[in-house]
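The values are calculated or read from the model by the stated rules, or taken from the named source; none is laboratory data. All figures in this text were calculated on a predicted structure; none of them were measured in a lab. Quick reminder, even Gly has a Cβ in these numbers, built from the backbone with ideal geometry, and neighbours come from all protein chains shown. Heads up: the accessible areas ignore ligands, DNA and RNA and are worked out on the full protein's heavy atoms, side chains in. Shrake-Rupley method; radii C 1.70, N 1.55, O 1.52, S 1.80 Å.
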Amino acid sequence: MLMYDVIVIGFGKAGKTLAAKLSSQGKKVALIEKSKSMYGGTCINIACIPTKTLIVAAEKGLDFEQAMNEKNAVITRLNGKNYATIAGTGVDIIDATARFLSNKVIEIQAGDEKEELTAETIIINTGAVPTILPIPGLAESKFAVDSTGIQRLENLPKRLGVLGGGPIGLEFAHLYNTLGSQVTVLDASETFLPRIEPSIAALAKSYLEEDGIQFLQGVHTQEIKDDQNSLTVVTDKGDFEFDILLYATGRKPNTAGLGLENTDIQVTDRGAIQVNRHLETSVPGVFAVGDVNGGPQFTYMSLDDFRIVFNYLTGDGSYNLETRRNYATTLFIAPPLAQVGLTEQEARDKGLPVAVKELPVAAMPRGHVNADLRGAFKAVVNPETKEILGATLFGEAAGELINLITMAMDNKIPYTYIAKQIFTHPTMAENLNDLFAI
Ligand SMILES: Cc1cc2nc3c(=O)[nH]c(=O)nc-3n(C[C@H](O)[C@H](O)[C@H](O)COP(=O)(O)OP(=O)(O)OC[C@H]3O[C@@H](n4cnc5c(N)ncnc54)[C@H](O)[C@@H]3O)c2cc1C
Ligand SMILES: NC(=O)c1ccc[n+]([C@@H]2O[C@H](COP(=O)([O-])OP(=O)(O)OC[C@H]3O[C@@H](n4cnc5c(N)ncnc54)[C@H](O)[C@@H]3O)[C@@H](O)[C@H]2O)c1
């Protein structure tokens with residue numbers, strides 16, 4: 001049995017950061033990753049980085065093949081860099097699949113070879129996998145792909161169907177529409193982007209439609225039927241024929257094959273590994289970080305999970321899920337759509353005093369400089385305490401600017417300060433003066 005101080009299962013954001021930090025503090029650390037093509041984790045290889053590289057390439061006017069080549073070059077570079085950086089801190093990177101034999105014993109398997117490892121501290125960072133809904137014909141279809149499959153297509157589909165109107169569905173809809181596919185989004189939700197400010201969600205939908213994407217909301221898919229070179233999606237709103245169908249109906253914590261049944265680690269009703277506020281599982285010394293613990297599925301939340309576990313293992317545990325503050329989201333369509341905190345309705349539902357302001361990008365000097373007048377910013381504030389309750393930014397640079405607002409919210413900077421802050425000109429940021437002049 002190989003003895004370690006710390007074993008990390010999975011090369012995700014939290015796991016690799018913990019591995020590197022603890023190793024550089026003198027701990028003997030093993031990081032087990034089942035696939036060399038996943039060094040650096042999901043984000044680097046099959047998620048955030050390749051998808052945003054593809055979107056930027058398509059928006060620059062590159063064609064399908066050029067965009068794919070650009071994406072492949074970026075992931076090859078970052079995959080290698082991730083391996084070298086983590087290995088350089090002294091972590092033993094083990095190419096194998098891990099599973100628990102008991103609370104603190106891990107079996108690793110590579111081909112026919114098996115070995116056992118043990119450590120007092122074990123970090124589970126195995127991510128999430130696409131949900132395959134039990135729609136007859138979906139799992140068997142030759143033309144239905146998930147978010148990884150659609151990044152590996154060899155040809156641009158003429159007609160792309162997208163099942164699901166969440167971030168994965170919408171970002172790929174925008175990408176493939178920009179590359180030249182005819183895109184149709186079939187979303188089960190009656191409401192487009194139900195968690196976004198309704199006025200801004202409506203604007204976003206109208207732009208995507210102007211760009212040529214077709215949307216059907218409240219669709220119930222009954223069956224997928226493969227034809228010779230295409231597939232038909234049978235729904236309660238009619239039949240749709242596509243060359244390729246992307247299914248993007250959510251991602252579930254990846255616990256299959258981990259051998260949790262051999263341990264006392266508890267799993268929630270929704271299949272996530274149950275954790276306390278320090279992200280420790282029901283087995284002391286075993287932690288679950290990133291998508292596998294059922295928290296918000298973003299790379300930056302996995303990084304924040306690292307901060308929580310690191311603070312618990314090496315500090316006083318004062319930073320934990322209960323002291324975590326605000327986090328924003330950005331949907332990478334054109335223009336990008338970013339949100340933090342509460343929407344107007346959510347703030348009213350909480351019974352808070354509410355004042356709001358909405359500012360169109362057409363009223364922003366930088367919008368004219370950019371020759372892109374699409375979008376609007378909306379702020380929700382408490383006029384009594386002067387706190388910012390939430391903001392939705394839809395426009396160029398929204399994904400950057402939202403982080404300023406998160407910083408203000410975390411530090412309780414009153415919106416009246418931002419209304420008078422000195423900003424550089426002409427920038428998108430300067431419009432926060434007007435936005436917060438409420
Ligand atoms: C298409 C797409 C686009 C996205 N875009 C964004 C975005 O723009 N911004 C953002 O913040 N988030 C985005 N996300 C979400 C983000 O990718 C995830 O939240 C994040 O990568 C989760 O990281 P993690 O730390 O949970 O682990 P992961 O990075 O998922 O790592 C888990 C690792 O564990 C390995 N593994 C699994 N089981 C085993 C085992 N038994 N033994 C050994 N190794 C194992 C896997 O191979 C994998 O490398 C996107 C997701 C997708 C799918
Ligand atoms: N820019 C980003 O930060 C980014 C980008 C991509 C993914 N992500 C992360 O990945 C997660 C997973 O993304 P996702 O889009 O797969 O999941 P999601 O859960 O966010 O959205 C799923 C969508 O599928 C729809 N749906 C459910 N069942 C359906 C059915 N039977 N037919 C048609 N539609 C159906 C839902 O209405 C919803 O619109 C996100 O929640 C996010 O955390 C983040």
| For Ala144, residues with placed amide H under 5 Å, excluding near neighbours | Leu245
| said: How far apart, in nanometres, would the label points at Ser318 and Ala363 be if each is projected 7 angstrom from Cα along the Cα-to-Cβ direction? | reply: 4.2
| query | Averaged per residue, what accessible area in Å² does the stretch 163-321 show with a 1.4 Å probe, protein chains only? | reply | 43
| note | Amide H neighbours of Val283 at under 5 Å, excluding residues fewer than 5 places away on the same chain, with H built from the backbone geometry, are Gln266
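Tally Lys and Arg at +1 and Asp and Glu at -1 over the other residues with C-beta under 12 Å from the C-beta of Leu163: what net charge comes out?
On the way: positive: none; negative: Asp146, Asp187.
The answer is -2.
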| Lys142 to Gln214: extension gain in nm, 0.36 nm per residue of separation minus the Cα-Cα distance? | 23.6 nm
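For the stretch 144-247, give the magnitude of the charge dipole about the Cα centre (Cβ charges: +1 Lys/Arg, -1 Asp/Glu; no others), in debye to the nearest 20. The partial results should precede the final answer.
Details: 7 positive and 16 negative charges, 29 e Å.
Once rounded to the nearest 20, the dipole reads 140 debye.
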| field | Inter-label distance, nm, simple model (7 Å from Cα along the C-beta direction), Tyr300/Glu115 | value | 3.8
| request: Any chance you could run the full-extension gain for Lys237 through Glu261? It's 0.36 nm times the residue separation minus the Cα-Cα distance, nm to one decimal. | output: 4.4 nm
| Along the charge dipole of the stretch 328-436, Cβ charges K/R +1 and D/E -1, which of Asn382, Ile402, Ala429 sits furthest on the positive end? | Asn382
| request: Check every DSSP H run in the chain and write down those whose alpha carbon atoms cover 15 angstrom or more along the long axis and whose mean Kyte-Doolittle hydropathy is 1.0 or greater. | output: 48-59
| note | Residues whose modelled amide H sits under 5 Å from the amide H of Ala128, counting only those 5 or more places away in sequence or on another chain, are Asn254
| task | Give the residue from Val91, Ala202, Ile44 lying farthest towards the positive end of the charge dipole for the chain; charges sit on Cβ (+1 for Lys and Arg, -1 for Asp and Glu) and the dipole is referred to the Cα centre. | result | Val91
| Lys, Arg +1 and Asp, Glu -1 on Cβ, resulting dipole of the chain about Cα centre, debye, nearest 20 | 1020
| query | Which residue, Ile49, Ile422, Ile308, tops the fluctuation ranking in a GNM of the chain built on C-alpha contacts under 10 Å? | reply | Ile422
| Taking 0.36 nm per residue of separation and subtracting the Cα-Cα distance, what length does fully extending Asn229 through Ile438 add? | 69.6 nm
| task | Write down the accessible area per residue of the stretch 328-436 in Å², having rolled a 1.4 Å probe over the full set of protein chains. | result | 44
| request: Determine the dipole magnitude for the stretch 317-369: charges of +1 sit on the beta-carbon of Lys and Arg, -1 on that of Asp and Glu, nothing else is charged, the reference point is the Cα centre, and the result goes in debye to the nearest 20. | output: 160
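Assuming a ≥ b ≥ c are the square roots of the Cα gyration tensor eigenvalues, decide whether the stretch 144-247 counts as rounded (a/c under 1.5), prolate (otherwise, with a/b larger than b/c) or oblate. Before the final figure, lay out each step's value.
Numbers: a/c = 1.94, a/b = 1.34, b/c = 1.44.
Since a/c reaches 1.5 but b/c is at least a/b, the shape of the stretch 144-247 is classed as oblate.
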| According to the square roots a ≥ b ≥ c of the eigenvalues of the Cα gyration tensor, what is the shape class of the stretch 242-314, taking rounded for a/c under 1.5, prolate for a/b larger than b/c otherwise, and oblate for the remainder? | oblate
| J(HN,Hα) series, the stretch 136-147, from Karplus relation 6.51 cos²θ - 1.76 cosθ + 1.60, nearest Hz, glycine and proline x | x, x, 5, 5, 8, 5, 6, 10, 9, 10, 9, 5
| Structure-based [θ]222 nm, the chain - -39500 (n - 2.57) summed over DSSP H runs of at least 4, per residue, nearest 500 | -9000 deg cm²/dmol
| remark: So for the chain, using the alpha carbon gyration tensor with a ≥ b ≥ c as root eigenvalues (a/c under 1.5 gives rounded; past that, a/b versus b/c decides prolate or oblate), I'd call it oblate
| message | If a paramagnetic tag sat 7 Å from the Cα of Ser189 along the Cα-Cβ line, which residues of the stretch 305-339 would have the backbone N under 19 Å from that point? | response | 327-339
| Distance in nm between pseudo-label sites at Arg77 and Leu153 (7 Å out along the Cβ direction from Cα) | 2.6
